[in-house]
Amino acid sequence: MEKRRIRVLLFKPGIDGHWRGILTISRALTEAGMEVIFEGFETVDTIVEAALQEDVDVIGYSVHSGAHYEWNRQLNQTLKDKGVRDDFLVIIGGAIPHFDHEDLQADGADAVFSPGTDTRDVVRFIEENVDR
Amino acid sequence: MEESKKIAEEEEKWLLGTETGRERKDRFESDAGIGLKSLYTPNDVKGVDYLRDIGFPGQPPYTRGVYPNMYRGRLWTIRMFSGFGTPEETNQRWKMLHEEGETGFSAAVDSLTFAGVDPDDPIDWLEAEVGKEGVPLYSIRGMESLVEGLPIDDMSVALVVEPLTSAAVTSMYFNVARERGIPMDRLRGTTQNDILTMTIGYVPWHPLGPDDLLKLACDLIEYCTPMGEAPKWNPVNFTCYNYREGGIDAVQEIAFGLANAVAHIDELLSRGWKIDDFAFRLAFHLAAQKDFFEEIAKYRAARRLWYRLMTERYKAEDPVSKQFRFHVQTAGSSLSAQQPMVNIMRTAYQGLEAVLGGCQSLHTNSFDEAVCLPTEEAVLLAVRTQQLMREETGVADVIDPLGGSYYVEAMTGELEHRIWEYFEKIEDAGGIVEALKSGWLYKEMNKAFDRRRKAVESGEEKVIGVNCYTMEEEEPHPPFRTNPEAARIEIERLEKLRAERDSARVNKLLDGLKKVCETRENVMPVMMDLTREGATIGEITNTFRDMWGLWDVPMMG
């Protein structure tokens, strides 16, 4: 049976307006044949609801404000509290120091993408790890 | 004529003698896609009339610089964009930079100050962003602490805020100066106040529409300049840098900037002012990107184009109205998170472009800025990079030293031509405001960025550490961290302010602002009262949002 297209929900937590990264990922994933739902600025609670309703496989978001620890913890905690953390692949990108990758993964992120990432690496990571 | 024919013949012969089949590439081109010859000769600048097209520094068309003696008189201003944590911590960094030789300040604000949101607004988890990417300036109290003990009557300060909050933040600054007894006509500085930074450079949370942003931008210009309230203040800085960072090329960078300036000029003319009432205070902020000679030619072409635009279209008479003055920032988007020390060299070359191109002030990036705000060590090195150019290299001793280079002059002419062509394309799309509303500008930006991404991913555009000369298992550099207590400190600062101020008076003034929003009069007089009395950035900006409504940004193009 043919696999369904990978569904990805992308958003920006908080109010920081550095959009170029998430817009670029959105275009690259769409080009790679994924179905991208781009939510814009949203709160974590709303995003988790939307992810469940839209039945997506991946939640991706971008942080350029330096608040990546905070948003990462809040998203993963909210998913855990609802008992749905394992339903999604959760990826984070943005102006994130490589120094912080380990901590972010320990806090629940499945992958972290820093500046200079080849968008094909993001596509590959999703394709190899998604659970459809 | 005789000589040019002879040169052409000799060039032909010379070309035959070179082994053209063995060049490294099939086609050499500039970053903006301009085809490059292997060598430029007098024949490539045949059409150039020295007095008409190049001339002397401080004289039309200002190709060689806007001041007669340029850096022989006064060196460019070392102006580092800086802000983080709390106003007090930023103040300490500014004092350190000043002691180390910085000659102008520039305030980076946090996302809340940028978007006009108070930290105690009930939006989900807002505290996470307080003081993270810049200094929090939520009321006059923050501004007082930011400039405490700094000689603001003697040194220029750039406030990097955009039309959502530029009127509010600038009025806080003006009020602090008044509190200190500094006359407004002694204040030198800049408010960025750029509608495109607020729309295509960065898309803020709950934005206003382009018409309302343009109105707010022009209110500040009008108040400072033609109304004469802050005559030495630059009330706008068309920030081509921020558009360029989104992936467009040098041609689009300048064309976007000129078209943006035209939107403001036309609005101010429609308010009844004359071009020479305000054009002398319009300034620009450009990028220094990778392509060394193209960038230098870009600065020269921009000066010539501005002169021609002011003379031919607007019939400006004041020479200062026709002088294109600009700040330069080296390109953040050219930095790599990988092998960050390489960024020091990138920045030095880019800084040199700006100086050879005749900038008025310069920010040099710190090597760690691809991933975080700079550490003290990194920012000091960036300041030293500028001091090295000033003190050791001799590059500031001769004006426009590349003027007369066949290549640079040919490139200057070619860019001028292409920028004007693209500028006309924007006008055909209805001008900047229409091109924003229709999504045309977003489409152009997205196209440009996709092209750039693919060039890097295919290896066609080389980035050391990213797609060539990569290294495995680099030890990551520990990033700079902002104060984790910033949110608590700022919320307490606001609570204290709210307890101390006359809130009934503030509410009455906010009603006054609503009225001004309805009549569309200039918001600045009431804004001066509001921030003096302790109104907060959120109270003010939410009034705009309530009165004018939000804009659904067509960012997908």
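Histogrammed with a bin width of 20 Å, the alpha carbon distances of the protein assembly as shown distribute as 18, 52, 27, 3, 0 percent, first bin at zero. Between B:E88 and B:K5, the C-beta separation translates, for a Förster distance of 56 Å, into a calculated FRET efficiency of about 0.20. In a DSSP loop and with at most 16 other Cβ atoms within 10 Å, the GluC sites (Glu not before Pro) in region B:87-171 are B:E100, B:E148. Of the GluC sites (Glu not before Pro) in region B:186-248, not one is in a loop by DSSP (not H, G, I, E or B) with at most 14 other beta carbons within 10 Å.
Looking at region B:215-358, the pairs of alpha carbons with a distance over 20 Å make up 49% of the total. Once the Cβ-Cβ distance of B:N483 and B:S438 is raised to the sixth power relative to R0 = 35 Å, the FRET efficiency obtained is 0.25.
Where nothing but the Cβ of Lys and Arg (+1) and of Asp and Glu (-1) is charged, how large is the charge dipole of chain B around its Cα centre, in debye to the nearest 20?
1120
With a simple spin-label model that places each label point 7 Å from the Cα along the Cα-to-Cβ direction, the separation between A:R4 and A:E128 comes to 2.6 nm.
For chain A, compute the orientation-averaged projected area of the C-alpha convex hull (one quarter of its surface), in nm².
Details: hull surface 29.7 nm².
So the mean shadow area of the Cα hull is 7.4 nm².
Were the residues from B:H417 through B:L550 laid out at 0.36 nm apart, the gain over their Cα-Cα distance would be 44.1 nm.
Shape analysis of region B:87-192 based on the Cα gyration tensor places the equivalent ellipsoid semi-axes at 24, 16, 12 Å, largest first. Within chain B, the longest run free of exposed loop sites, counting chymotrypsin sites (Phe, Trp or Tyr not before Pro) that sit outside DSSP helix and strand states (H, G, I, E, B) and have at most 13 other Cβ atoms within 10 Å, spans B:29-468. For chain B, complete DSSP H runs whose alpha carbons reach 15 Å or more along their own long axis and whose mean Kyte-Doolittle score is 0.0 or higher are B:166-179, B:210-224, B:250-270, B:342-356.
Converting the Cα gyration tensor eigenvalues of region B:338-489 into ellipsoid dimensions via √(5λ) gives semi-axes, longest first, of 31, 26, 20 Å. Residues considered: A:A32, A:A95, A:A106. Largest GNM mean-square fluctuation over chain A, using C-alpha springs under 10 Å, is found at A:A106. Distance between the modelled labels on B:E317 and B:H98, one decimal in nanometres: 4.1 nm (7 Å Cα→Cβ projection). Three principal axis extents describe the C-alpha atoms of region B:43-102; from largest down they are 57, 23, 18 Å. Centre-to-centre, using Cα atoms only, region B:502-557 and region B:211-259 are separated by 21 Å. Taking label positions 7 Å along the Cα-Cβ direction at both A:F99 and B:E377, the computed distance is 0.9 nm, reported to one decimal.
Only Cα pairs under 8 Å and at least 6 apart count here; give the relative contact order of chain B as a rounded whole percent.
Result for chain B is 19 percent.
With helices as the sole contributors, chain B gives -14500 deg cm²/dmol at 222 nm; each DSSP H run of n ≥ 4 counts as -39500 (n - 2.57), and the sum is divided by every residue. For the segment B:200-211, counting C-beta atoms of other chains within 10 Å of every residue's C-beta and taking the mean gives 3. Counting only Cα atoms, region B:137-237 measures 37, 29, 17 Å along its principal axes, largest extent leading. Taking N as the residue count of region B:2-45, its C-alpha radius of gyration divided by 2.2 N^0.38 Å amounts to 1.33. Peptide A:92-103 has a mean of 4 when you count, residue by residue, the C-beta atoms of other protein chains within 10 Å of its C-beta. Shielding by partners for peptide B:125-135, expressed as the average number of C-beta atoms from other protein chains within 10 Å of each residue's C-beta, is 5. Were the residues from B:D53 through B:K462 laid out at 0.36 nm apart, the gain over their Cα-Cα distance would be 143.8 nm. Between amide H atoms placed 1.01 Å from N, distances below 5 Å from B:S106 occur with B:M80, B:S82, B:A158, all of them 5 or more places distant or on a separate chain.
Given R0 = 41 Å, the distance between the Cβ atoms of B:V395 and B:R505 translates into a calculated FRET efficiency of 0.15. Full extension of the chain segment joining B:E179 with B:A348 gains 56.8 nm, where the gain is 0.36 nm per residue of separation less the Cα-Cα distance. Computed over the alpha-carbon atoms, region B:303-345 gives an Rg to Rh ratio of 1.37, Rh here being the Kirkwood radius from the mean inverse distance.
Checking every one of the GluC sites (Glu not before Pro) in region B:18-75 against DSSP loop status and a limit of 15 other Cβ atoms within 10 Å picks out B:E19, B:E23. Over chain B, what is the percentage of antiparallel beta bridges among all DSSP beta bridges, to the nearest 5? Of all bridge pairs located within chain B, approximately 5 percent are antiparallel.
Binning all Cα-Cα separations of chain B at 10 Å, short to long from zero, yields these whole-percent fractions: 3, 17, 28, 27, 16, 6, 2, 1, 0. Within the straight-line cut-off of under 23 Å between alpha carbons, the lysines reachable from B:K132 are A:K12, B:K95, B:K496, sequence neighbours fewer than 8 places apart in one chain being disregarded.
Readers should treat all values here as calculations from the given coordinates under stated rules, not as data from a laboratory. This one's a predicted model, so the numbers in the text were calculated from it and none came from an experiment. Cβ coordinates were reconstructed from backbone atoms using ideal geometry, including for glycine residues, and neighbour counts include every protein chain displayed.
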